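Student: So that we are looking at the same thing, I have put the structure below in structure tokens.
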Amino acid sequence: LTEVYSSSPALGRYFRSAQVISFSNESSTVIYQLVFSVPPSTEEFMENSMNPDFIRNILRQNIYDED
């Protein structure tokens, strides 16, 4: 995750760290925390760049690009 988000053209400059919070072998589930340092908040920035769907899609695109 660190490599994906730190190299992202859209979020790389804001990305600070990724940390695993919880891991389950039974269900193959990982809960992680992403830390971003964002500029003084503007409504547009938070709605677009910090949108959870946008952040997930950056990871999805990276996975698709590797296939």
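Student: Could you run the Karplus curve 6.51 cos²θ - 1.76 cosθ + 1.60 with θ = phi - 60° over segment 2-19 and give me ³J(HN,Hα) per residue in whole Hz, x for Gly and Pro?
Tutor: Once θ is set to phi - 60°, the couplings for segment 2-19 become 4, 5, 4, 7, 6, 9, 5, x, 7, 10, x, 6, 9, 6, 10, 6, 9, 9 Hz.
Student: With a 1.4 Å probe and all protein chains left in place, how much of the accessible area of the chain comes from carbon and sulfur atoms, in whole percent? Before the final figure, lay out each step's value.
Tutor: Details: 2490 of 5130 Å².
Answer for the chain is 49 percent, counting heavy atoms of protein chains only.
Student: Could you give the C-alpha radius of gyration of segment 1-65 expressed as a fraction of 2.2 N^0.38 Å, taking N as the number of residues it contains?
Tutor: 1.20
Student: How tilted is helix 52-66 with respect to the longest principal axis of the chain? Cα atoms for both, answer in degrees (0 to 90, nearest 10).
Tutor: The answer is roughly 60 degrees.
Student: Hey, another quick one. Using only helices, what value at 222 nm comes out for the chain when you add -39,500 (n - 2.57) per DSSP H run of length 4 or more and divide by the total residues, to the nearest 500 deg cm²/dmol?
Tutor: Dividing the helical sum by the residues of the chain leaves -11000 deg cm²/dmol.
Student: Run the dipole for the chain about the Cα centre, Lys and Arg Cβ at +1, Asp and Glu Cβ at -1, nothing else charged, and hand back the magnitude in debye, nearest 20.
Tutor: 240
The values are calculated or read from the model by the stated rules, or taken from the named source; none is laboratory data. On a predicted model such as this, the values are computed, not experimentally measured, just so you know. Note that we place each Cβ from the backbone using ideal geometry, even for glycine, and neighbour counts take in every protein chain shown. We work out accessible area using only protein heavy atoms, side chains counted, and drop any ligands, DNA or RNA first. Shrake-Rupley method; radii C 1.70, N 1.55, O 1.52, S 1.80 Å.
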